[in-house]
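This report refers to the structure that appears directly beneath it.
Since every read-out is calculated from the coordinates, none of them should be taken as a lab result. Bear in mind the structure is a predicted one, so any value in this text is a computation, not a measurement. Note that each Cβ is placed from the backbone with ideal geometry, even for glycine, and that neighbours are counted across all protein chains shown.
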Amino acid sequence: MFLQNLDNDKLPEPFLPPKSQLSKRLSPPLLLVQATFFACGGLAVGLYMSHKFGDGGTLSRFVKDWTFLSRGGHSQTLLPALDFTASSSLPPSVSAVQPPADESKRFAVSGDKCVTKRFVFDAAKIAALKAKASASTGQWRRRPTRTEAITALIWRCAMSAARRTNKGLPLRFETKTMELQDLVSLLRKGIEGFDEGEAKRLGGDHGDAAVEIFKSWKERKDLSIRDDLKLVTCTSALDFGFYEIDFGWGKPIWVSLDSGSSLNNFIMLTRTRDGDGVEAWVTLSEEDMTVFELDPELPSFASLSNLRESLLLESHRRRLSKL
């Protein structure tokens, strides 16, 4: 009954701790956990982890160790302890990393009403997309990864939507339509540039690393608030293994990460339950999303999925398997 009445547009919000707990405190908690129990005996576990505590990889490791211990495992048999020695090269620099006085400017928060929709790429469509993204023979040292191919497609569709909804204001990006392989190439060059430049500054002996982190954060924030530019942020959780988590009553029917619908142009990539597909959680302004989801190229590779129906179907399959 709960799933049947669930608002598809608000998932996974009902299963997460209230965000008011994060914003109303002088010192927000590092970890918040909420357990939601259902009359059928099912359970949803939602949590927030502060970036002060760790990143997505840390979150994955934390939950895996937590579930291991909940099944009666012993701490001595856990994977080697996390190495925190790197913290010695990242000393806190209070004067350098003071947050802005205006709390609303800490993130790229949209003034427009945003919507989040879930697009599902199955294994066959991903293979076709990767083939199309590497269509220029001889151009690639290696074929595009699924992350590169899917990100390039969404980027291209988002640019197309931005051009149509920009109300005549010029965009700084080239107005010509770029091919998928061109966008994959730009992605790779950007990552290589980060590895060769910023990553070395953060891990080397080039001054205070905390200052470098702040500079990087400030550059991104400055870009996000420019009127002549639309910044698209994409993050991937494809290799974190969240579907392998087991508290003792079986692996989850569904795992999702909060895409943060208050953020401008945000894309989150997660695995489907079978491990072969990808869910792309795309957050755009209502105006941009209306154009984005009608892009003729998008349905060739992705389906706009009704999560409520997917959860009901998976729940029904599980009940049948127990008969």
Quiz item: How much length is gained on full extension from Trp249 to Ala128, taking 0.36 nm per residue of separation minus their Cα-Cα distance?
Solution: 39.9 nm
Self-check item: Computed label-point distance, nm, for sites Asp274 and Arg163 using a 7 Å Cα→Cβ extension
Solution: 3.5
Quiz item: For Arg143 and Thr233, what does the FRET efficiency come to when R0 = 22 Å and r is the distance between their Cβ atoms, rounded to the nearest 0.05?
Solution: 0.35
Self-check item: Length added when fully stretched, Asp55-Ala135, from 0.36 nm per residue minus Cα-Cα
Solution: 25.3 nm
Exercise. Sort the following peptides by mean Cβ neighbour count (other Cβ atoms within 10 Å, averaged over residues), highest first: 152-161, 115-124.
Key: 152-161, 115-124
Self-check item: Extension gain from Glu192 to Arg226, taking 0.36 nm per residue of separation minus the Cα-Cα distance
Solution: 9.7 nm
Quiz prompt | Size of electric dipole in region 234-286: Cβ of Lys, Arg +1 and of Asp, Glu -1, about Cα centre, debye, nearest 20 | solution = 40
